[in-house]
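K.L.:
A single structure is presented below for examination.
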Amino acid sequence: MDGVVIDERSFGRRLAEPGVIERCELGSPFGFMAYHGGELEQMTDVIAAAAAHRSGGSLYAVIHPGPDPAHFPSTHVRPAESPALAAFLDHVDVVITVHGYGRWGMFTSLLLGGRNRQLAAHIAAELAPSLPDYDLVTDLDRIPLGLRGLHADNPVNAPRQSGVQLELPPRVRGLGPKWADWDDAGFVPPMEALVEGLAAIARRWLVA
């Protein structure tokens, strides 16, 4: 997670704040979530939406306006406070929740938490060839405790087959000094590889 400020207000109250946009698009039973989107964990909603659209998957995202929205824990994201989230979680069988984080020494580490360890291992194996400069971490002991996504109240674990909490450092999201001079209209190369890889995983997972 990018921010360190914890907002203790209920999820429903956050959704009702001015400028907050909630998106729910039901497609296939493979879902993508990004409820810390917008200016909270930047580009996470963009990545989730692109992967969902390319794969025909389902999307649930919350876009938070700037300039500096307060962070709130995933355990506060309760379907009882959002009919759209409840409908999404009832519709999907499995989910990838896209988050952003930033920690010293982990600028190229993609962390794969959540309770669906089979899917986590599959994502790492599928993405590794197209992201050779990044470390796909599935060993839970190597993932900081607060980023493992194992809590029963974390919505990543609510679908029937649970899901994977994908924590992305800024660099793979096209942020930071490495991409300061990027002037192409599209995604930076690793973000494009990530989105296309996630979409391909979702498409194949449904017919496996």
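Any read-out appearing in this document is the output of simple, stated calculations on the displayed coordinates, not a laboratory observation. What you are looking at is a predicted structure, and each value in this text was computed from that prediction instead of being measured. Here the Cβ is made from the backbone with ideal geometry for all residues, glycine too, and neighbour counts use every protein chain on show.
K.L.:
Along the charge dipole of segment 11-207, which of 118, 60, 50 sits closest to the positive end, that is, farthest toward it, with unit charges on the beta carbon of Lys, Arg, Asp and Glu (+1, +1, -1, -1)?
P.N.:
Value computed over the given set: 118.
K.L.:
If you don't mind, another one. Does segment 92-198 come out rounded, prolate or oblate by the C-alpha gyration tensor, with a ≥ b ≥ c the root eigenvalues, rounded set by a/c under 1.5 and, if not, prolate when a/b is larger than b/c and oblate if not?
P.N.:
Taking the square roots of the gyration eigenvalues as a ≥ b ≥ c, segment 92-198 is prolate.
K.L.:
Something else now. Relative contact order for the chain using alpha-carbon pairs under 8 Å, separation at least 6, rounded to a whole percent? Before the final figure, lay out the partial values.
P.N.:
Numbers: 429 pairs, mean separation 49.1, N = 208.
With pairs under 8 Å counted, the relative contact order is 24 percent.
K.L.:
OK, next. Taking neighbour counts of Cβ atoms within 10 Å as a proxy for exposure, in what order, fewest first, do 106, 43 appear? Write out the running numbers ahead of the final one.
P.N.:
Values: 106 18, 43 22.
Ascending Cβ contact count within 10 Å gives the list 106, 43.
K.L.:
Answer rounded, prolate or oblate for the chain, using the Cα gyration tensor with square roots of eigenvalues a ≥ b ≥ c: rounded when a/c is under 1.5, else prolate when a/b is larger than b/c, else oblate. Before the final figure, lay out each step's value.
P.N.:
Numbers: a/c = 1.34, a/b = 1.10, b/c = 1.21.
The shape class here is rounded.
K.L.:
Report the longest stretch of the chain that contains none of the GluC sites (Glu not before Pro) sitting in a DSSP loop with at most 16 other Cβ atoms within 10 Å. The partial results should precede the final answer.
P.N.:
Working: sites that count: 8, 39.
Counting only loop sites that pass the neighbour cut-off, the longest clear stretch is 40-208.
K.L.:
About its Cα centre, how strong a charge dipole does the chain have in debye, to the nearest 20, once Lys and Arg get +1 and Asp and Glu get -1 at the Cβ? Walk me through the numbers on the way to the answer.
P.N.:
Numbers: 17 positive and 25 negative charges, 111 e Å.
Its charge dipole is roughly 540 debye.
K.L.:
In the chain, which whole DSSP H runs stretch at least 24 Å along their own axis (Cα) and average -0.5 or higher on the Kyte-Doolittle scale? Intermediate results must be reported in sequence, preceding the final value.
P.N.:
Numbers: long enough: 189-207 (28 Å, 0.68).
Qualifying helices, which must be both long enough and hydrophobic enough, are 189-207.
K.L.:
How large is the helix-only mean residue ellipticity at 222 nm for the chain, computed as the sum of -39500 (n - 2.57) over DSSP H runs with n ≥ 4, divided by its residue count, in deg cm²/dmol to the nearest 500? Display every interim value, and only then the final one.
P.N.:
Numbers: 5 runs with 56 residues, N = 208.
Using -39500 (n - 2.57) per qualifying helix, the result is -8000 deg cm²/dmol.
K.L.:
What is the sum of charges, Lys and Arg at +1 and Asp and Glu at -1, for the other residues whose Cβ falls under 12 Å from the Cβ of residue 61? Mind showing how you got there, number by number?
P.N.:
Working: positive: 23; negative: 22, 25, 41, 45.
Result for the local shell: -3.
K.L.:
For segment 29-39, in order, what is each residue's ³J(HN,Hα) by Karplus, 6.51 cos²θ - 1.76 cosθ + 1.60 with θ = phi - 60°, in whole Hz (x at glycine and Pro)?
P.N.:
So the J values, rounded to whole Hz, are x, 9, x, 10, 10, 7, 8, 10, x, x, 8.
K.L.:
Now for a separate question. Within the chain, what's the longest stretch lacking chymotrypsin sites (Phe, Trp or Tyr not before Pro) that sit in DSSP loops with no more than 13 other Cβ atoms inside 10 Å? Please report the intermediate quantities before stating the final value.
P.N.:
Working: sites that count: 104, 182.
Longest gap between qualifying sites, sites excluded: 1-103.
K.L.:
Let me ask something else about it. Which loop-located trypsin sites (Lys or Arg not before Pro) does segment 81-190 contain, where loop means any DSSP state but H, G, I, E or B and the Cβ has at most 15 other Cβ atoms within 10 Å?
P.N.:
Working: sites: 103, 115, 117, 142, 148, 160, 171, 173, 178; in loops: 103, 115, 148, 160.
For trypsin sites (Lys or Arg not before Pro) across segment 81-190 that sit outside H, G, I, E and B with at most 15 neighbouring Cβ atoms in 10 Å, the list reads 103, 160.
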